[in-house]
Amino acid sequence: MPRIIKFDVYLEEYDNISLLPPDSQALIERARAACNHAYAPYSGFLVGAAVLLETGEIVTGSNQENASYPCGLCAERVALFSAASRYPSVALTKLAVTAMKKGQNTYQPVAPCGACRQVISEYQANQDPPLELIMEGTNGSLMVAASIDMLLPMTFSAKHMDRTNDEI
Ligand code: THU
């Protein structure tokens, strides 16, 4: 019989933004505002992301699409790459993500795609405290993951290449 490996993953769900701490509320507002800067003429799905840095700085991003579809980039990675390139080695505390459909003001639930989860995981591995993820849910509800480990439990990382102690 094989041994069964289980992962203990869970999310917190909140009915209302007012139940979250003030810094999370402010971050979600910034993610919502970032939706308005999305370039999404092909999907019409406007995504906004906002990263809170340990310094208190907030960096936002929105999805950027392209006529050559695979060239586009998700809002989360736009925000994360922007934050990491502008503030290298500064720990990332929280990432909020939300979306709206073209012409509609209702916020949609967004769970980061697999590629974004991998990118989040890379940055989290480089810092001590985990990066909290806040996802806007339906009807004003919100989901919070304490760490990317809740969304990507068996992540691929530098340690799989045994590169952690290498000089690159
Ligand atoms: N998208 C994001 O920006 N983030 C996600 O977490 C899911 C998907 C974007 C990519 C594309 O521009 C559009 O949403 C439809 O997939």
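Bear in mind these aren't lab numbers, they're just calculated from the coordinates by the rules spelled out. The structure displayed is predicted, hence computed values, not measured ones. Every residue, glycine among them, receives a Cβ derived from its backbone with ideal geometry; neighbour counts consider all protein chains shown.
A few points about this structure:
- For K6, the aspartates and glutamates whose Cα comes closer than 20 Å to its Cα, not counting residues fewer than 8 places off in the same chain, are D149.
- Contact order normalised by residue count of region 11-161, Cα under 8 Å, 6+ apart, percent: 24
- Hypothetical label at D128: residues of region 72-102 whose amide nitrogen lies under 18 Å (7 Å Cα-Cβ projection): 89-94
- Ascending count of other beta-carbon atoms within 10 Å, so fewest first, for K159, K6: K6, K159
- For the chain, the longest principal axis of the C-alpha atoms and the axis of helix 114-125 are separated by about 60°.
- The Rg/Rh ratio for the chain is 0.99, where Rg is the radius of gyration of the alpha carbons and Rh is the Kirkwood radius.
- For K101, a cut-off of 18 angstrom between C-alpha atoms picks up these aspartates and glutamates, skipping any fewer than 8 places away in its own chain: E29, E65, E76, E136.
- Projected label distance in nm at S43 and Q118, using a 7 Å step from Cα toward the beta-carbon: 1.7
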